[in-house]
Amino acid sequence: MRKGILLNSEILKIISQMGHTDTIAIGDCGLPIPKTTKRIDIALKRGIPNFLETLDTVLNEFEVEGVVLAEEIKEHNPAILEKILLRIDGSKIIFVSHKAFKKLTEQARAVIRTGENTPYANIILQSGVVL
């Protein structure tokens, strides 16, 4: 059995197959996921699992080089933004419109759908290199 904290085999498989600059997204329960992008749906009910605990678990297994967030998070969910910024210290952050964010999910290896139900609790993580 694995020693790490992440147990979801679909998420582990995607992370293990990712190369430098590949992306994976974590979204709230309302984020539309393109039909062409792998959906890993871990939502159980509203709020479970939440966005931050999912992000923390993925960050434990994943080297982040860059992050994409929707510009709208600054106004509509500053509490989540503040907590994200604490977790991704040192990573390059790009803010784009929510419309552009949704378009970028088409290029992600997968979108992890959480039970989070607060606005703009979505992130795209760009894979870095472990040295």
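Every residue, every condition in (1) crowded, with 19+ Cβ neighbours inside 10 Å; (2) outside any strand (DSSP E or B), yes or no:
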{"residue": "Ala25", "(1), (2)": "yes, no"}
{"residue": "Pro34", "(1), (2)": "no, yes"}
{"residue": "Leu55", "(1), (2)": "yes, yes"}
{"residue": "Glu65", "(1), (2)": "no, no"}
So Phe51, is it of a type in the set (Phe, Trp, Tyr), in contact with a strand residue (DSSP E or B) (Cβ under 6 Å, 6 or more places away or on another chain) and within 17 Å of Thr114 (Cβ to Cβ): no
Elements of type strands (runs of 3 or more DSSP E) in segment 73-131, at least 2 residues being surrounded by 17 or more Cβ atoms within 10 Å (Cβ to Cβ): 110-113, 123-127
Every residue from segment 46-74 that is of a type in the set (S, T, N, Q) and touching a residue at least 60 places away in the same chain (Cβ under 8 Å): Asn50, Thr54
Pair list, Cβ < 6 Å and 6+ apart or interchain, from segment 118-131 residues that are over 15 Å from Ala100 (Cβ atoms) to residues that are of a type in the set (Phe, Trp, Tyr): Ala121/Phe51
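A short reminder: the numbers here are calculations on the coordinates, not readings from a lab. Predicted model, so just to flag it, every value in this text is computed and none were measured. With ideal geometry, Cβ positions are generated from the backbone for all residues, glycine too; neighbour counts draw on all protein chains shown.
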